[in-house]
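Worksheet for the structure shown next.
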Amino acid sequence: MSASPARRSVGFAALGLLAVGALALSACTPAAEPTPSASAKADPDASLTVGLVLEPTNLDIRHTSGAALEQVLVDNIYEGLVTRTPENDVEERLASAYDVSADGLTYEFTLNEGVTFHDGTPLTSADVVASYETVRTDAGVQGNAEFAGVASIAAPDAQTVTITLTQPDQNFLFTLTGPAGLVFKNGDTTDLKTDENGTGPFVLDRWTKGSAISFDRYDEYWGEKATIGEVVFEYIPDFTAGVNAALDGTLDVLTAVDPNLVSQLEETGDFTITTGRTTDKATLAFNNRKAPLDDVRVREALRLAVDHEALVEAIGAGQTLYGPIPELDPGYEDLSDVAPYDPAKAKKLLKEAGHEKLDLTLTIPSFYGTTAAQVLVSDYAKVGVSLEVKRVEFPTWLDDVYTNHDYELSFVLHVEPRDFVNFANPDYYFGYDNAEVQKLYAQSQTEIDPKKSADLLKKAARIVSEDHAADWLYNGATLTAHTSAVAGFPTDSLNSRIDLAGVTKSAE
């Protein structure tokens with residue numbers, strides 16, 4: 001990976017400057033991989049223990065939002081007609097093939113043969129139709145808004161599904177790679193909050209709330225069987241505790257490794273450190289509807305006051321991001337020209353806005369580290385802004401910030417791919433309302449040509465950045481450690497999902 005001076009990326013050399021400022025970041029170059037024993041053989045019945053940070057509140061992925069559910073359930077327990085690769089490309093899953101009409105209105109999917117749910121019931125097109133009709137008609141189901149343009153869902157025969165749209169939707173196939181596209185058994189009475197009945201390569205074994213979730217291999221899986229017998233997800237929200245669990249042999253894999261602590265793992269020589277790209281956007285949200293953040297001069301000043309390159313270096317890894325679209329998503333453009341570090345101009349703008357001295361509050365979920373907040377406090381003090389940091393539990397953040405929009409500034413990692421729609425939605429917690437952006441986004445979604453669609457998104461993203469609707473502190477990346485016994489563990493987009501079917505662990 002290379003980066004121009006305008007878009008800084010740093011690696012392990014910056015470790016140890018400050019405490020970690022987010023769930024995880026990465027360097028550009030992975031550490032050397034320990035050489036496994038030449039006689040090591042993969043154990044098909046091995047148990048793999050993976051350390052994660054954020055535990056889901058329940059297992060009902062149909063009615064509950066959040067990356068914590070998608071991370072472990074999609075592709076492992078539940079499947080859709082299509083899925084996405086770690087690079088965010090769409091590929092077939094339950095569908096063996098699909099075809100899109102030239103006008104972009106009709107999608108025809110052919111199902112794979114021999115697919116069964118975990119209770120043994122064969123999958124048919126009727127299950128797909130019922131699943132998607134629920135998404136289309138039930139506002140309480142994840143993806144309902146994205147199915148607003150679905151005119152009909154039909155099953156011409158047991159192995160074929162046809163979906164017709166009212167207008168082209170550039171993102172429709174990608175929508176089907178998320179919770180909206182998952183297929184459930186028609187008429188199933190399974191309590192999805194605590195149990196499951198998917199079609200994936202693993203079945204739920206048990207969930208010990210507040211501690212761990214474990215999966216067993218589904219030996220009747222329709223496709224290529226999982227190459228591991230059991231997966232245990234250990235939830236460890238404290239980064240130091242996670243590293244300690246890896247060091248004492250509790251974990252085979254630790255995701256979201258604190259860059260400050262990675263040397264402890266490297267020094268043992270027992271761990272491979274991998275890096276992965278993500279669509280994680282470390283977002284400094286501005287409440288665009290609340291004074292003084294409703295003044296674009298104040299918002300611009302707050303962006304100009306932040307030394308983004310120094311922030312990334314203090315965090316320990318990652319790369320700067322000056323707009324709402326990361327490199328892995330369509331419509332990306334380097335927007336570093338919009339808000340370069342310029343504290344003198346920031347002070348001038350604040351004075352023009354009548355705020356030479358300004359008191360603001362930053363609301364941040366408590367499981368994030370302290371670095372980002374510390375840098376913001378320091379940078380803002382230099383331009384006359386006193387920043388109070390309010391650390392809250394994540395459920396409180398969801399209530400106060402996300403739901404009730406009761407905040408001034410907030411910090412959170414937005415990990416979902418292709419989520420630019422948030423800036424085209426004036427009711428989202430950002431409170432950003434720009435008719436031109438909304439128009440461009442709508443046009444991008446009905447544009448059949450992917451390049452033209454991306455160009456429209458690019459234009460809209462520049463407007464959002466020039467309006468200083470938020471500040472994008474950095475584009476995160478995943479830093480993962482695994483023992484030399486583990487092979488095939490995914491590296492990219494791990495905050496979105498972790499497909500474990502192809503992971504192996506050698507015998508002890």
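Bear in mind that the values in this text are calculations on the coordinates, not laboratory data. Computed from a prediction, not measured in an experiment: that's the story for all the values here. FYI the Cβ positions are ideal-geometry reconstructions off the backbone, even for glycines, and counts take in every protein chain you see.
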For region 74-88, in residue order, the Karplus 3J(HN,Hα) values (coefficients 6.51, -1.76, 1.60; θ = phi - 60°; whole Hz; Gly and Pro = x) are 5, 6, 8, 9, 10, 9, x, 4, 10, 9, 10, 7, x, 8, 6
C-alpha center-to-center spacing [region 364-378, region 158-213] in angstrom: 35 Å
Using the Cα centre of the chain as the reference point, and only Cβ charges (+1 on K/R, -1 on D/E), how large is the resulting charge dipole? Debye, rounded to the nearest 20. 1520 debye
Cβ charges +1 (Lys, Arg) and -1 (Asp, Glu), total dipole of region 279-476, debye: 340 debye
Counting sequence-distant residues (5 or more places) and residues on other chains, those with an amide H built under 5 Å from that of Asp280 are Gly476
Take every DSSP beta bridge whose two residues both sit in the chain, then give the antiparallel share in percent to the nearest 5. 75 percent
Show me, for region 320-333, the HN-Hα J-couplings you get by feeding each phi into the Karplus relation (A = 6.51, B = -1.76, C = 1.60, θ = phi - 60°), rounded to Hz, glycine and proline as x. 5, 8, 10, x, x, 10, x, 4, 6, 9, x, x, 5, 8
Taking the Cα centre of region 67-181 as origin, work out the dipole magnitude from +1 charges on Lys and Arg Cβ and -1 charges on Asp and Glu Cβ, in debye rounded to 20. 220 debye
Is the shape of region 67-181 rounded, prolate or oblate, going by the alpha carbon gyration tensor and its root eigenvalues a ≥ b ≥ c, with a/c under 1.5 for rounded and a/b larger than b/c for prolate? rounded
Taking placed amide H atoms and a strict 5 Å upper bound, the residues 5 or more places from Ala256 or on another chain that come that close are Leu479
Non-local amide H neighbours of Thr49 (under 5 Å, H modeled in plane, Pro and chain starts lacking H): which ones? Val232, Asp252, Val253
Cα-based reach from Lys185 at 23 Å (exclusive), listing lysines while leaving out same-chain residues under 8 positions away: Lys193, Lys225
Setting aside same-chain residues fewer than 8 positions from Lys458, which lysines have a Cα under 25 Å from its Cα? Lys281, Lys439
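Let me check against my output: what whole-number percent is the relative contact order of region 279-476, with C-alpha pairs under 8 Å and at least 6 apart?
38 percent.
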Nearest-0.05 FRET efficiency for Glu466 and Ser378, computed from C-beta distance (R0 22 Å): 0.25
Counting each pair of different Cα atoms once, what's the Kirkwood radius of the chain in Å, rounded to one decimal? 23.8 Å
Mind listing the phi-derived Karplus ³J(HN,Hα) values for region 106-118, rounded to whole Hz, using 6.51, -1.76 and 1.60 with θ = phi - 60°, and x for any glycine or proline? 10, 10, 10, 10, 10, 7, 5, 7, x, 7, 10, 6, 5
The distance between the Cα centres of region 470-508 and region 314-352, in whole Å, is 27 Å
